[in-house]
Each structure stands twice: as C-alpha cells, then as structure tokens.
Amino acid sequence: MLPEAYQKLRVSLADSISKSRVIDDPLRTLAYGTDASFYQLIPKLVVKVEGEDEVVQVLRLARAHRTPVTFRAAGTSVSGQALSDSVLVVLGENWRRYQVGDNGVQIRLQPGVYGGEANRALARFHRKIGPDPASINICTIGGIAANNSSGMCCVTAQNSYQTLVSMRLILADGAVLDTGDTASRNKFAQTHGALLADIDRLARHSRANKALADRIRRKFQIRNTCGYSLNALIDFEDPIDILQHLLIGSEGTLGFIAEITLRTIADPPHKASALILFPDVGTACEAATRVKHAPTAAVELMDRASLRSVQGRPGMPDYLEHLEGGVASLLIDTRAADRVSLKEQTDAINRAIESLRTVRPVRFTDDAGEYGQLWRIRQGLYPSVGAMRATGTTVVTEDVVFPLDVLAPATTELQQLLRRHAYDHAIILGHALEGNLHVIFTEDFGRKDAVDRYARFMDEYATLVVDKYDGSLKGEHGTGRNIAPFVEREWGREAYTLMREIKSVLDPDNILNPGVILNDDRQAHLKNLKPLVAVDPIVDKCIECGACEQTCPSKVLTLTPRQRIAVLRELARLQASGEDRPREWELRRHYRYQGIETCAADGLCALTCPVDIDTGAIVKQLRGRRNGRVRRTAMQWVARHFDLACASARMALVMTDRAHCILGPSFMHRLARGAHRLSASRVPQWNRYMPMPASLSRFVSDSTGTQPRVVYFPSCTSRTLGPARGDPDMDPLPVKLAALLRQAGYAVAYPDRPQRLCCGIVFESKGDIAPAETKLREIEQALRVASRGGEDLILCDTSPCSLRLKQALDGKLRVLDVSEYLHDHLLARLPLHPVTAPVAVHATCSIRRMNLEEKLIGVASACAEEVIVPDGIACCGWAGDKGFTRPELNASALRHLAKSLPANCEAGYSTSRTCEIGLSLHSGRYYRSIVYLVDHCARRG
Ligand SMILES: Cc1cc2nc3c(=O)[nH]c(=O)nc-3n(C[C@H](O)[C@H](O)[C@H](O)COP(=O)(O)OP(=O)(O)OC[C@H]3O[C@@H](n4cnc5c(N)ncnc54)[C@H](O)[C@@H]3O)c2cc1C
Ligand code: SF4
Ligand code: SF4
C-alpha cells in the first residue's frame with residue numbers, strides 16, 4: 001500500500017502528467033530500483049517526465065508533499081546516486097535534441113542525448129565533447145554533467161565544469177533559469193535575489209579565507225568528484241556563473257539540468273598507440289610522470305592483475321601470458337592533425353622515457369587493426385572481472401586519485417592493502433596522468449562477514465588516500481552513496497560546512513536526492529547493498545551496467561533487459577527465502593506480460609552486453625517452462641506435418657484476404673481489432689499490410705552443367721507469406737530470387753521437398769525446444785544432401801533463419817544469408833541501374849547479430865542513389881509472429897519510424913517477411929525483401 005503522501009502526490013500529478021507515465025506497480029518500481037552500482041533502492045513512484053513543465057510540476061508537488069525526488073538519466077552510475085526509495089524522476093524520450101553551433105566549436109544539448117550521439121554530430125568538424133567516460137555510448141549528457149564524468153583522454157581542463165558555456169536549469173522550487181539568456185538572468189535576479197545573495201556571501205567567504213581557498217584550489221588540481229564543485233566559489237564572481245558550475249557534479253542534489261551548452265575540443269584524425277610494459281608499477285608511474293608534458297592524448301596504467309584478467313582471450317596478444325608477476329603497463333595514445341606531426345609526437349614520447357627499463361621494445365602503431373587490439377585490452381578489463389566473478393558476488397569499483405608525484409608509492413601501498421584484505425583478484429587500472437586509478441574487485445554482499453570486510457577495507461582505504469596522500473576518494477564516478485560518509489574526512493570540517501550551506505541555500509527542504517553526496521550516516525555506504533541472487537547461468541554474470549538498454553525494442557513499452565534480469569533476481573530471492581509469497585506471486589503475475597510476453601527474444605541485447613548476455617535466451621526458456629503437455633504434443637504434431645501446417649496458414653490468409661476485399665480495409669481493421677481485444681490477444685491483429693498467401697511454387701532444381709551451383713532454401717515464411725494486397729510487385733520472394741539467380745548464371749538446386757522444411761525458429765522462439773530440434777536435424781540432413789556434402793553454398797532468403805542455420809550448422813555446411821549472397825556473389829554478375837528516389841533499409845536483429853549490416857547497406861547502395869537507415873531503430877519488435885498477437889510491441893519499437901523517413905522515400909527493404917509487415921504498417925510504405933530492389937534495378941535499363 002502506497003504511503004499517504006505518495007498517494008496524494010500521485011493524485012496531484014494526474015492533472016499534469018499522463019497516467020501511463022506515473023508508475024507505482026510493484027514490478028516496475030522494483031525494476032527501476034537498480035542502477036550500475038552495487039546499491040538497490042526501490043522507488044515508491046516512478047515518474048517519466050517529457051518536458052520542463054513536467055519537471056517543474058513534479059518538483060513543486062514533491063516539495064508540497066515532502067516526497068524527495070531523484071533524477072535518472074541512463075542509470076549507469078556506479079556510486080549509487082541514480083537510485084531512490086521515494087520518487088524516481090526518469091527522463092522520457094523527449095530530451096534528445098541538440099544543436100551544433102559555431103562550426104562545431106559549441107554544442108547545445110538536452111540532457112537525454114547520449115554522449116556518443118553528441119560526438120557523432122561533431123565528428124564532421126573533427127571535434128568532440130570534452131568529457132569522455134568509457135560509458136559514453138550508453139550514458140547521457142544529463143548524467144555526464146551531473147556526475148562531472150570524465151575518462152581516458154579528458155584532462156581536468158576538458159571536463160563538463162571546464163567546458164561549460166551556459167545551462168538551462170530548474171531549481172528545487174521549480175524556478176527556471178537560462179544562464180545563456182540575459183532576460184532570464186535578469187528575471188531570476190529579481191525573483192531569487194536572496195538566493196543569489198547567499199551564493200555571493202559563500203563565495204566571498206571562501207575567497208577571503210586563504211587557507212580554505214588554497215585547499216579548494218589544490219583539491220581541484222587533480223581530478224575530484226568527491227563532494228560539491230567548491231571551485232565554483234573561487235573561480236567565478238557572478239553568483240549565476242557560480243550557480244551553474246555548482247550544478248556540475250552535484251548528482252541531482254542541487255537542481256535539474258534541462259539543457260547545457262558545452263565548448264567542444266579538437267579530435268585530430270591521426271592516432272597512434274603503444275602498450276609499454278615496465279618491470280614494476282614504480283617504473284610505470286615514473287614513466288607517467290615523465291610523459292606528463294609530452295603530447296599524449298591518453299596514458300592508461302594497467303597492473304599485472306589487469307593484464308592477467310584478459311590474457312589468453314580471443315584477440316589478445318600472446319606475450320601477455322608470459323609476463324612476470326610484477327609487470328605493469330602504460331597504454332599511451334597520441335593524436336595529431338597529420339602523419340608528420342604524429343611521428344614527431346611519438347618520437348617525443350619515446351625520448352621522454354628512453355632511459356627507463358621496459359620489458360619489451362617500445363613500438364607505437366597507427367595500424368587500425370593493431371591499434372584496435374591494444375585498446376580492446378583496456379576496454380575488456382571491466383567486463384572480464386564481471387564475467388569471471390563467482391555467482392552471487394558483485395563488482396565493486398573504487399575510483400581514487402593520488403597527486404602524480406606520489407602515484408608510485410601510493411599505488412604499491414594500494415596493492416598491499418588489497419592483498420591484506422584478501423581481495424586477491426583485484427585489478428588496478430586507470431588514467432595515470434591524472435593520478436586517477438580504478439580499483440575493481442568482487443565482493444559477496446549477501447554475507448555479513450563480507451560486508452564487514454568491505455567496511456574495514458574502506459576505512460583503511462580512506463586512511464591511505466586521504467590521511468596519508470591527501471588524494472580524492474572519487475575522481476570521476478561521483479560521490480553517490482558510496483563515498484558520502486567520507487566527504488567530511490576528505491575535505492575537512494570547514495569545507496564540508498560550506499557544502500552543507502550550499503545544499504541548504506539551493507534545496508532548503510532537502511527534497512533533491514537526499515543521502516547522496518552529503519550523508520550524516522557514517523554507515524551509509526554499507527546499507528541498501530544489492531543482493532545478486534543466482535537465477536540461471538544465462539544471466540548470472542549480469543553486472544546491471546545498463547549497456548543493453550538502448551536498443552531493446554520493449555524498453556518503452558515494458559522492461560529493458562537489465563530490468564528483466566533484476567526482477568528475476570528478486571523472484572529467485574523471494575522463492576528461496578519464502579519471506580513474502582503474496583509479493584512473489586504478484587510479481588510473477590506481472591512478469592508474465594512485462595518480462596516474458598513482450599520480449600522480442602531477438603537477442604539484440606547480447607550485442608552490446610559486455611559479458612555477452614542474451615536476455616532473450618532466458619525468456620525463451622521461461623516460455624518453454626510454461627508450455628504444458630498438451631501444447632508440447634500439439635507442437636510435435638505440427639513439426640511432423642509441417643507442410644500441412646503451412647498449407648493451413650496459406651488457407652487462412654486466403655480467407656482473410658477475401659474478407660479484406662469484401663469488407664474493405666477500414667471495416668476489416670475495426671472488426672479485427674475488436675476480435676483481437678475480445679479474445680485477450682489470442683486472435684491475431686489484422687492490418688492492411690497483411691500478406692496475401694504466397695502462390696504455390698514448384699521448387700524444381702536445375703540440371704547442373706558448367707554453371708556455378710547454389711542450393712536455395714526458401715524459408716517457411718517466404719513460402720507462405722506473399723506480398724501485401726496493393727503492392728505493385730506481386731511475385732512471391734522464392735520466385736523472384738530464383739529468377740534473379742538464374743539471370744546471374746547460377747544453377748539453382750533445392751533441398752528435397754522444401755515444403756516440409758523449417759529451421760525450427762518458429763518453435764524455438766516460443767520455447768518449444770523439442771520440435772525446434774526435430775526440424776533442425778531434418779533440415780541439416782536435407783541441406784547436406786542438396787549441397788553434396790557441403791560442396792555448394794547454401795542460400796537462405798530470410799535472415800532470422802539464416803542466423804539460426806549458421807549458428808547450428810557452422811563448420812558443417814556453408815550457409816549464407818541473402819544479404820551477403822547478393823553482396824558477395826550476385827551483384828557483380830547483374831547489370832544494375834540504380835533508382836534515383838531514396839530507399840529505406842531496415843537491418844533486422846539477425847542481420848546485426850551476423851554482422852551483415854554493412855553488406856545489406858552495400859547492396860542497397862549499389863541499387864539506389866540514396867539509402868536511408870533511420871537512426872535509433874534497432875529491432876522492429878515484430879518478433880516472428882508476435883506482431884500479430886502483441887502488436888503494441890511492434891508499435892512501440894517503431895514509434896519513430898514514419899517521421900524519420902522523408903516524403904519522397906516511397907519504399908523500404910529488409911530481409912525478413914514478417915518484420916516487413918510491421919515496418920510497412922508503421923511507415924505507411926511497402927517494405928519488401930532487398931531481393932526486390934536488386935531485381936528491379938537488374939531489369940531497368
Ligand atoms: C561500464 C561502465 C563504464 C563507466 N565508465 C565511466 C568512466 O570512464 N568515467 C566516468 O566518469 N563514469 C563512468 N561510468 C559511470 C557512468 O556511466 C557515468 O558517470 C555517466 O556519466 C552517468 O550517466 P547516466 O546518463 O547514466 O546518468 P545517471 O546514472 O542516470 O545519473 C547520474 C546522476 O545524475 C543525476 N542526473 C541525471 N540527469 C540529471 C539532470 N538532467 N539534471 C540533474 N541531475 C541529473 C542523477 O540523479 C544521478 O545522480 C561507467 C559506468 C559503466 C556502467
Ligand atoms: S545484461 Fe549485460 S549489458 Fe545488460 S545490464 Fe546485464 S551485464 Fe549489462
Ligand atoms: S531479447 Fe530483445 S526484447 Fe528481449 S530483452 Fe533482449 S533486446 Fe529486449
């Protein structure tokens with residue numbers, strides 16, 4: 001039962017925010033209770049905001065009802081700052097606008113823009129934003145600015161604080177200030193004169209107190225995200241300038257960043273890197289000091305344990321395996337506008353360290369392959385700890401900064417400290433020039449003794465970092481809940497009191513993210529630790545980093561992959577403990593739709609997951625567990641009589657098409673929608689792009705002469721589903737493709753009785769594993785015979801089936817998807833006359849998983865002068881046949897499709913007939929197989 005204050009808040013919010021965006025059900029609040037840290041807090045309400053007005057309204061009401069709020073952008077924070085047990089205000093979809101200004105020298109950004117997106121917009125100017133967290137492609141500007149994040153190349157002078165031009169911000173009382181707009185500044189000065197006077201007073205006090213000012217200056221000479229950006233008080237005099245800089249790194253505790261303008265930095269095109277191996281950490285740190293003034297873009301330290309965690313993995317250099325125990329490395333990167341300057345720079349770096357002993361000769365490379373290999377070592381470290389950890393343990397990332405002149409002894413002592421606490425597999429890596437090291441280890445917070453060990457470690461860690469070396473306890477990840485109890489210890493009483501005053505001036509009612517940055521509880525870092533209960537080996541390695549969320553087709557409709565896993569973990573915990581059966585049942589009931597039904601099971605999440613988790617795989621397993629004996633028997637029957645099943649489906653399509661003709665599209669649509677709803681989604685939802693039955697083809701193999709031979713497997717969907725009524729080209733795909741192959745001079749061979757064949761994906765996606773395997777074995781046998789034991793290439797015309805066949809038959813038979821067959825074998829043999837009108841292309845999930853996107857686009861580019869690949873559309877959400885039964889998933893996944901296509905783009909192309917139905921429906925254009933485009937171009941002229 002929701003506490004009274006939250007009930008009232010929910011009622012008040014109903015006037016200004018759509019009910020669907022105010023979430024209070026137990027499943028989704030639980031799902032939002034996780035970020036990338038090792039803390040968990042379950043919000044009472046989640047509110048998805050879509051505009052400034054809504055943020056203002058939420059803040060005013062939250063203040064009135066005394067219900068604290070926490071802002072959430074991409075939720076990739078690792079210190080526990082993007083969590084709330086009160087109201088979580090999540091940025092919806094409407095915060096993604098940006099504007100590049102002044103030839104790329106500035107960029108204005110809304111907080112929901114992903115960092116990588118901003119850099120892609122700046123790339124043509126050879127510029128980028130200064131902050132560069134390793135998570136730049138999965139985190140957003142709001143989080144980057146609010147955490148003052150940085151990464152490998154970003155020196156202190158390039159972070160959000162230093163590159164800030166102006167900001168649009170919203171304070172706790174709902175006041176909006178645009179610091180780049182004179183009228184707004186003037187108005188704010190009138191309405192908030194007292195607040196600005198308070199800021200001015202604190203700034204004057206800080207500047208007048210020399211000891212304090214010196215301390216602040218010294219603390220920000222190195223990276224520091226522990227506590228507030230107190231440097232704002234001494235760097236600026238205008239209270240509004242101070243205010244906007246205080247918001248940087250404030251982790252949502254001082255106000256909301258609604259827009260930000262950043263000065264960009266140069267991104268030279270020529271790059272070279274070297275992995276330099278030193279005999280010990282001391283020498284590596286000495287080298288870092290020596291290259292401090294050399295022209296480096298990044299200097300990454302990795303200790304022996306780091307290198308050990310990736311050695312022997314695919315793509316890693318062999319020499320890593322033969323290094324001595326104490327070895328440490330620097331990965332040095334340098335960038336220049338031209339090759340001559342690049343050479344001069346690598347020479348300068350070599351000179352700076354030439355007198356130091358190295359384990360292997362120093363060699364810089366600008367070869368793209370070798371360069372990529374070196375950086376994959378660095379990028380693989382965090383995932384490798386995540387992947388190697390024992391089930392149930394959590395990855396802990398500490399983020400320390402030492403002054404550069406003490407980096408060598410401090411790092412050695414840090415290694416000793418980790419050993420003393422038996423964190424034997426801990427790795428140390430980081431940005432050496434900044435003295436910023438990440439300490440990554442695993443801990444089982446489910447055990448009391450482990451929590452106690454972590455508590456002892458943190459106390460001694462603070463003694464080493466703060467008391468002995470006067471370093472920062474956080475350099476780039478933000479204070480969060482993790483370091484909040486140590487802020488006073490690091491900064492001292494006077495500076496801490498200043499922070500408290502800042503908070504009470506800007507958030508007098510303490511409603512903005514309380515407990516983060518400032519926290520009176522000295523044990524706060526040991527509370528709300530996230531349990532990571534074992535669920536299934538498929539998902540147990542999940543580190544809840546959020547890298548999989550962006551491309552998931554169900555992320556707006558229901559849950560993301562990370563949330564699916566987080567809920568499964570809680571279900572496993574509840575089941576094991578038996579502590580709250582009613583809650584467990586309720587969660588299970590909601591999970592059926594939110595977690596299982598609306599997962600497209602496309603496996604797209606595995607592509608971006610650092611530990612290769614395919615959440616769809618566990619969903620399919622859960623579907624399988626629900627399938628009872630009757631269904632299992634029925635599915636086995638269908639598998640055995642598959643030609644009959646396809647014929648029945650074709651018959652159903654005939655009848656549906658007749659009804660369409662007689663009733664007309666709009667009446668037919670209303671009728672079908674009613675039936676779909678009344679049947680609780682059991683009756684498939686019809687739409688006007690529904691395929692007509694594919695006219696029955698006779699699959700007769702050509703006799704082989706001197707022509708090259710190809711085995712063509714027409715999938716069951718292309719054998720069954722023809723073009724949609726009204727499509728100007730009514731030939732079914734198997735007819736079209738066979739004709740094209742013959743035109744290109746191929747002899748076409750079919751497997752025996754293809755009508756009965758199927759790769760089994762239709763069964764597998766629903767968890768019907770036994771019939772899926774039956775079909776796979778059957779097709780393997782048929783393709784083996786048809787391809788003369790694997791001598792001939794096998795062409796499959798539907799990408800999801802190609803993927804399944806490749807996965808199952810790889811190494812035994814040579815299966816090619818239609819996109820690669822066209823690209824690699826057919827295009828060169830056909831006379832192509834490209835069309836002038838733009839064409840849209842959709843790369844299905846399976847195309848992405850087979851890494852064939854470029855080939856598909858290459859085929860389209862050979863056939864059309866302009867090819868449009870709409871940004872931000874990854875999976876169409878049709879998911880085999882789910883588009884018929886759960887059309888809302890497809891609608892949600894393709895909600896931006898129509899508006900991302902120009903009016904003169906009249907046709908779309910893809911490689912899966914079922915996906916093409918949904919793409920047609922939500923774009924208002926006929927989508928067909930890419931084969932039709934090639935055929936069209938080959939026949940023009
Ligand atoms: C694999 C991995 C690698 C990482 N590497 C780095 C790294 O190299 N460097 C680094 O610095 N960090 C790194 N991080 C941490 C994290 O990705 C960054 O700190 C990132 O900037 C957080 O952005 P986000 O969009 O996820 O924000 P969130 O986590 O959602 O929020 C971050 C903070 O900002 C607040 N906030 C969000 N939006 C707003 C807003 N509009 N106004 C005011 N406050 C707001 C939130 O309340 C929260 O306190 C990494 C994380 C992961 C998982
Ligand atoms: S599934 Fe992978 S990408 Fe997604 S949160 Fe878990 S570890 Fe990260
Ligand atoms: S399989 Fe697809 S729909 Fe399911 S969680 Fe992964 S990305 Fe999302």
Listed residues Glu443, Glu494, Glu476; which is surrounded by fewer than 24 Cβ atoms within 10 Å (Cβ to Cβ), touching a residue at least 24 places away in the same chain (Cβ under 8 Å) and either within 28 Å of the chain's Cα centre (by Cα) or under 19 Å from His425 (Cβ atoms) (or both)? Glu443
Note: among Glu490, Glu549, Glu586, just one is within 16 Å of ligand 1 (Cβ to nearest atom) and of a type outside the set (A, V, I, L, M, F, W, C), namely Glu549
By residue number, the members of the stretch 873-905 that are touching a helix residue (DSSP H, G or I) at 6+ places or on another chain (Cβ under 8 Å), open to solvent by 30 Å² or more (accessible area, probe 1.4 Å) and without any contact (Cβ under 8 Å) to a residue 60 or more places away in the chain are Ala891, Ala898
Does the stretch 205-231 hold any residues that are within 28 Å of Leu83 (Cα to Cα) and not in a loop (DSSP other than H, G, I, E, B), and which are they? Lys219, Asn231
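Might you check whether a residue that is more than 30 Å from Arg848 (Cα to Cα) and either assigned to a helix (DSSP H, G or I) or more than 16 Å from ligand 1 (Cβ to nearest atom) (or both) occurs anywhere in the stretch 615-625?
Within the stretch 615-625, the first condition is being more than 30 Å from Arg848 (Cα to Cα), and the residues that meet it are none.
No, there is no match, as no residue in the stretch 615-625 is more than 30 Å from Arg848 (Cα to Cα) and either assigned to a helix (DSSP H, G or I) or more than 16 Å from ligand 1 (Cβ to nearest atom) (or both).
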Among (1) more than 16 Å from ligand 2 (Cβ to nearest atom); (2) at pLDDT 75 or above; (3) open to solvent by less than 80 Å² (accessible area, probe 1.4 Å); (4) hydrophobic (A, V, I, L, M, F, W, C), where does Leu644 come up short? (3)
If you take the residues of the stretch 48-81 that are touching a Cys at 6+ places or on another chain (Cβ under 8 Å) and among the aliphatic types (A, V, I, L, M), which of them is farthest from ligand 2 (Cβ to nearest atom)? Ala73
Mind listing just one residue for me: the one in the stretch 517-547 that is in contact with a Pro (Cβ under 8 Å, 6 or more places away or on another chain) and open to solvent by 20 Å² or more (accessible area, probe 1.4 Å) and, of those, farthest from ligand 2 (Cβ to nearest atom)? Arg522
Considering residues of the stretch 741-785 that are outside any helix (DSSP H, G or I) and hydrophobic (A, V, I, L, M, F, W, C) only, the residue farthest from Ala808 (Cα to Cα): Ala744
Contacts under 7 angstrom Cβ, first residue in the stretch 314-334 being within 20 Å of Glu300 (Cβ to Cβ) and in contact (Cβ under 8 Å) with a residue 60 or more places away in the chain, partner open to solvent by less than 50 Å² (accessible area, probe 1.4 Å) and among the hydroxyl-bearing types (Ser, Thr, Tyr), 6 or more apart: Asp333/Ser273; Asp333/Thr296; Thr334/Thr296; Thr334/Thr346
So which residues in the stretch 727-770 are basic (Lys, Arg), within 15 Å of Ser715 (Cα to Cα) and open to solvent by 40 Å² or more (accessible area, probe 1.4 Å), if there are any at all? Arg753, Arg756
Given the conditions (1) assigned to a helix (DSSP H, G or I); (2) away from ligand 1 (no atom under 16 Å from the Cβ); (3) crowded, with 19+ Cβ neighbours inside 10 Å; (4) among the hydrophobic types (A, V, I, L, M, F, W, C), which single one is not true for Ile502? (2)
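With the structure loaded, tell me whether Gly227 is among the small types (Gly, Ala, Ser) and within 16 Å of ligand 1 (Cβ to nearest atom) or whether it fails that test.
Against the criterion (among the small types (Gly, Ala, Ser) and within 16 Å of ligand 1 (Cβ to nearest atom)), Gly227 qualifies.
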Let me confirm something: among Arg682, Arg698, which residue is open to solvent by 30 Å² or more (accessible area, probe 1.4 Å), more than 27 Å from Ala891 (Cβ to Cβ) and part of a loop (DSSP other than H, G, I, E, B)? Arg698
Taking Phe713 as meeting all but one of (1) over 20 Å from Arg814 (Cβ atoms); (2) out of contact with any helix residue (DSSP H, G or I) (no Cβ under 6 Å at 6 or more places or on another chain), write down the number of the exception. (1)
Among the listed residues Gln81, Gln99, which satisfies the condition of being closer than 16 Å to Tyr32 by Cβ and among the polar types (S, T, N, Q)? Gln81
Determine if the stretch 595-603 includes at least one residue that is among the hydroxyl-bearing types (Ser, Thr, Tyr), more than 15 Å from ligand 1 (Cβ to nearest atom), over 15 Å from the mean Cα position of the chain (by Cα) and surrounded by fewer than 17 Cβ atoms within 10 Å (Cβ to Cβ). no
Counting residues that are among the aliphatic types (A, V, I, L, M) and closer than 20 Å to Met167 by Cβ, which helices (runs of 4 or more DSSP H) fully inside the stretch 1-105 reach at least 2? 52-65
When the residues of the stretch 576-591 are filtered to those that are in a helix (DSSP H, G or I) and surrounded by fewer than 14 Cβ atoms within 10 Å (Cβ to Cβ), which remaining residue is nearest to ligand 2 (Cβ to nearest atom)? Ala576
Anything in the stretch 539-555 that is at pLDDT below 95, within 15 Å of ligand 3 (Cβ to nearest atom) and aliphatic (A, V, I, L, M)? List them, or say none. Ala547
Among what's in the stretch 708-729 and is assigned to a loop (DSSP other than H, G, I, E, B) and modelled with pLDDT of 90 or more, pick the residue that is nearest to Ile761 (Cα to Cα). Ser715
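Residue-by-condition table, conditions (1) assigned to a helix (DSSP H, G or I); (2) open to solvent by 30 Å² or more (accessible area, probe 1.4 Å):
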{"position": "Arg201", "(1), (2)": "yes, yes"}
{"position": "Leu233", "(1), (2)": "yes, no"}
{"position": "Ser250", "(1), (2)": "no, no"}
{"position": "Leu254", "(1), (2)": "no, no"}
{"position": "Ala258", "(1), (2)": "no, no"}
{"position": "Thr283", "(1), (2)": "yes, no"}
{"position": "Pro295", "(1), (2)": "no, yes"}
At least 1 residues that are in contact with a Cys (Cβ under 9 Å, 6 or more places away or on another chain) and within 16 Å of ligand 1 (Cβ to nearest atom) in each: list the helices (runs of 4 or more DSSP H) lying fully within the stretch 840-890 that qualify. none
Residues satisfying the stated conditions in the stretch 189-211, i.e. within 27 Å of Asn513 (Cα to Cα) and among the hydrophobic types (A, V, I, L, M, F, W, C): Ala189, Ala194, Leu195, Leu196, Ala197, Ile199, Leu202, Ala203
Expected single match for away from ligand 2 (no atom under 16 Å from the Cβ), touching a strand residue (DSSP E or B) at 6+ places or on another chain (Cβ under 9 Å), open to solvent by 10 Å² or more (accessible area, probe 1.4 Å) and modelled with pLDDT of 95 or more among Gln40, Gln99 is Gln99
If the Cβ limit is 9 Å and pairs must be 6+ apart or interchain, which residue in the stretch 592-606 that is within 25 Å of Glu853 (Cα to Cα) pairs with which residue that is among the aromatic types (Phe, Trp, Tyr)? Ala600/Trp878
Of all residues being at pLDDT below 85 and surrounded by fewer than 20 Cβ atoms within 10 Å (Cβ to Cβ) in the stretch 378-402, which is nearest to ligand 2 (Cβ to nearest atom)? Just the residue, please. Ala387
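The values are calculated or read from the model by the stated rules, or taken from the named source; none is laboratory data. The model shown is predicted, which means the values in this text are computed figures rather than measured ones. Quick reminder, even Gly has a Cβ in these numbers, built from the backbone with ideal geometry, and neighbours come from all protein chains shown. All accessible areas refer to the heavy atoms of the entire protein, side chains included, with ligands and DNA or RNA removed. Shrake-Rupley method; radii C 1.70, N 1.55, O 1.52, S 1.80 Å.
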